[in-house]
Amino acid sequence: MPVVQDPWPWYVAGPLIGLLVPALLVFGGKAFGLSANLRHACAALPVPERSKPGFLRYDWRSAGTWNLVFALGIAVGGFVGIRLLSDPTAPLAISASTVAALADLGVTDLAGFVPAQLVSWAALATPVGALMVLGGGFLVGFGARWAGGCTSGHAISGLAALQIPSLVAVVGFFVGGLAVTHLVLPLLLG
Amino acid sequence: MQTPTPLYRQADADGAAPPADCVDTPQVAVAEPLAPSAPHVDLPPECADVEQVPEDLRDRALAEGNAPLALAVYGLLGAGLGLVFTKSQVISWFRIYEMFRFESFHMYGIIGSAVATAALSVWVIQKLKLTTVHGEPIELAPKAWGDSRVPGARYWMGGITFGLGWALLGACPGPLVALLGGGVSVMAAALVAALGGTWTYALLRDRLPH
């Protein structure tokens, strides 16, 4: 069913994402943000309290349960969207110039949501794949807490509340992302 | 309507304000001190707050936020977000790569219209002085610039660090979870690495500029 499997345009997806901000505020006074879950999950690890850094010693159950359940919901939504409402073998309709740039990097398998050549269990055994998956994940977890938020917390919630610090963080997100895309990846894969 | 009571205050037990650099997420504004309630958790003396932690957190959370029905709503909202992430291809590594090459409007359209929708909603909430469904005021406190010699150092350096990871992995925390739920199992390794990053940050926190 192509209609079901067709991707949604930006002007449908964006406002729907944006509406989560008032929905969470009005429902529970909660600020939309996801990376705090990384902190909650660390705080929830079954480790003796005294061996945790102070930053992770707090009442995560009352502070974070809603957010962890929210994230669990995202996983369910991802399952429905990927498994039931997408064609996982179809290549993404990205721009021709992006396809050409990826080909220059040797990335030719465009099926699915992640490049199997770089982001997969098999790729994890290679230095480049390990850097992308483990290094990327590490930097996301480290940077999100240092910056006090991620794309949802700063780029959506923070900008919507006209927070200049969030604007700085978002500019930082792009500085880092542009550096990887234009400098690091060509170096790694070129 | 009864006089709204402040929803949150900093969570340290003695009521002293924590260092300004600890305040970072939007918080409901601190007003008059609340009646003291027995400290119920082993909070560190400072910076226990960073994500908003109200004084009578446990009681409130149990009464409202952690009630099964409330959690079900959060779960449903999350599922909706995961579906939108997926159907709009926000979770795609290729889309992120394309975005950083400025070769498609798609991601910018999504982020831009999301921010516009959220900003308009926040404006309406403030204009109409809307409350939560429990009748509490909704106020967003400003984010702190921090006390580093470089204003906003944590936002610059943390932001750039996050951006490096975002482009390498092709996913930020939300899409990472959506991909994992959709069966891209290698994201489990990325998630463990992200938890390792957060733990490392917690260890180094005192030595990093904020």
Completion exercise
Just one listed residue, out of B:Val150, B:Val90, B:Val115, is open to solvent by 10 Å² or more (accessible area, probe 1.4 Å) and more than 30 Å from A:Val99 (Cα to Cα), and it is B:Val150
Exercise for the section: Examine region A:41-57 for a residue that is at the interface with chain B (Cβ under 7 Å from one of its Cβ atoms) and within 30 Å of A:Trp8 (Cβ to Cβ), and state whether such a residue exists. Expected result: yes
Exercise for the section: Please determine, by comparing only the residues of region A:81-99 that are open to solvent by 60 Å² or more (accessible area, probe 1.4 Å) and either among the charged types (D, E, K, R) or touching a helix residue (DSSP H, G or I) at 6+ places or on another chain (Cβ under 7 Å) (or both), which one is modelled with the highest pLDDT. Expected result: A:Arg83
Handout entry: Residue tally, condition surrounded by fewer than 24 Cβ atoms within 10 Å (Cβ to Cβ) and within 23 Å of B:Glu139 (Cβ to Cβ), over region A:32-63
Key = 2
Practice task
Find the residue count for region A:1-40, including only residues that are facing chain B (nearest Cβ under 8 Å) and of a type in the set (D, E, K, R).
Solution key: 2
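Being part of a helix (DSSP H, G or I) and open to solvent by 50 Å² or more (accessible area, probe 1.4 Å) is the requirement here; does A:Leu102 meet it? Walk me through how you get there before you give the answer.
On the way: part of a helix (DSSP H, G or I): yes; open to solvent by 50 Å² or more (accessible area, probe 1.4 Å): no.
It is false that A:Leu102 is part of a helix (DSSP H, G or I) and open to solvent by 50 Å² or more (accessible area, probe 1.4 Å).
The values are calculated or read from the model by the stated rules, or taken from the named source; none is laboratory data. For clarity, every value in this text was computed on a predicted model and none was experimentally measured. Neighbour counts are summed over all protein chains in view; Cβ atoms, including those assigned to glycine, are modelled from backbone coordinates with ideal geometry. What goes into the accessible areas is simple: the full protein's heavy atoms, side chains included, and nothing from ligands, DNA or RNA. Shrake-Rupley method; radii C 1.70, N 1.55, O 1.52, S 1.80 Å.
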